[in-house]
Amino acid sequence: ASVRSVPCWSVMAAFDQPLPGLPNVIGEQGPIRWAARNNSKPGRGSDECWVIHGESAWSQQNLEMPAPQVAQELLAALAGIAGIAGQDLPEPKFLKAHRWRFALPMGQRGKPLWNPALQLGACGDWCVGPRIEGAWRSGVELADQIAAGLTNPALQPAAISTVGAA
């Protein structure tokens, strides 16, 4: 109940030529929370392609802005980071913005939920942190708790249901 989600605008932009003056990953600059050159990742194509995530407060302020306008604003911010004037930015061959209303969990508890009596658990990025690493860590921590219950007789269920067994 303590976890709330904040929005994030996300943009995908592809170009026929590389954008000069940019590192492969950019973090927290102006309206950009995170941006990455997608083609720098293993197994991706060679086309110059960027994924740009808007900063949470900026995304909230611009939540109802039309997607094409969001795409242009975040692309202009990326160009600014590269020191490229807007008019000098190559025309993207693909440009699309997507609004995630409930993108990033905030107010995490710091651990996954586990009820040994019910043998019921829940994990995810909303437990530990708003990135894939948070989801993974949360899953590992829950698995550790479940495994600990398998070796502790006090946490074993009283009986195992065999409904439908012959």
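The values are calculated or read from the model by the stated rules, or taken from the named source; none is laboratory data. Keep in mind it's a predicted model, so treat the numbers as computed, not measured. Glycine gets a Cβ as well: all are built from the backbone with ideal geometry, and neighbour counts include every protein chain shown. These area figures cover heavy atoms from the full protein model, side chains too; ligands, DNA and RNA do not enter into them. Shrake-Rupley method; radii C 1.70, N 1.55, O 1.52, S 1.80 Å.
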(request) Please give the FRET efficiency for residue 16 paired with residue 65, using the beta carbon to beta carbon distance and R0 = 22 Å, rounded to the nearest 0.05. (result) 0.20
(request) Amide H neighbours of residue 55 under 5 Å, at least 5 residues apart or on other chains, H built in the peptide plane: list them. (result) 32, 33
(request) Could you state how much accessible area residue 41 has, in square angstrom rounded to the nearest 10, with a 1.4 Å probe and all protein chains kept in place? (result) 70 Å²
(message) If I model a spin label at residue 102 and residue 132 as a point 7 Å from the Cα along the Cα→Cβ vector, what separation in nanometres do I get?
(response) 2.3 nm
(request) Order 146, 26, most accessible first, counting only protein heavy atoms with a 1.4 angstrom probe. (result) 146, 26
(request) Working from Cα positions, state the angle (0 to 90°, nearest 10) between the long axis of helix 67-82 and the longest principal axis of the chain. (result) 70 degrees
(request) Note down, for the range 1-46, the three equivalent ellipsoid semi-axes (square root of 5 times each alpha carbon gyration tensor eigenvalue), biggest first, whole angstrom. (result) 27, 13, 10
(request) Would you work out which of 149, 113, 54 lies farthest towards the positive end of the dipole of the chain? Charges go on Cβ: Lys and Arg +1, Asp and Glu -1. (result) 149
(request) Enumerate the amide H contacts of residue 104 below 5 Å, restricted to partners 5 or more residues apart or on another chain; note that Pro and chain-start residues carry no placed amide H. (result) 6
(message) What are the ³J(HN,Hα) couplings of the range 5-15, residue after residue, when phi is run through the Karplus curve with 6.51, -1.76, 1.60 and θ = phi - 60°? Round to Hz, x for glycine and proline.
(response) 10, 10, x, 8, 7, 10, 10, 10, 9, 10, 10
(request) Could you give me the percent of Cα pairs per 10 Å distance bin for the chain, shortest bin first, beginning at zero and ending with the bin that holds the maximum distance? (result) 10, 28, 25, 16, 11, 8, 2, 0
(message) Run the numbers for residue 119 and residue 148: contour at 0.36 nm per residue of separation, minus the present Cα-Cα distance, in nm.
(response) 9.3 nm
(message) Need one value: the accessible area of residue 50 in square angstrom, 1.4 angstrom probe, rounded to the nearest 10.
(response) 0 Å²
(request) Any chance you could look up the accessible area of residue 4 with a 1.4 Å probe, heavy atoms only, rounded to 10 Å²? (result) 150 Å²
(message) I'd like the Karplus ³J(HN,Hα) series for the range 42-49: coefficients 6.51, -1.76, 1.60, θ = phi - 60°, whole numbers in Hz, and an x wherever there's a Gly or Pro.
(response) x, x, 9, x, 8, 4, 6, 9
(message) What does the C-alpha gyration tensor say about the overall shape of the range 10-104? Classify as rounded when a/c is under 1.5, otherwise prolate if a/b is larger than b/c, or oblate.
(response) prolate
(request) Quick one: angle between helix 132-151 and the longest Cα principal axis of the chain, in degrees between 0 and 90, rounded to 10, please. (result) 10 degrees
(message) How far apart, in nanometres, would the label points at residue 111 and residue 94 be if each is projected 7 angstrom from Cα along the Cα-to-Cβ direction?
(response) 4.3 nm
(request) For the chain, with a Gaussian network of springs between Cα atoms less than 10 Å apart, report the residue from 76, 103, 147 with the top mean-square fluctuation. (result) 147
(message) With a cut-off of 8 Å between alpha carbons and a minimum separation of six or more residues, what is the relative contact order of the chain in percent?
(response) 25 percent
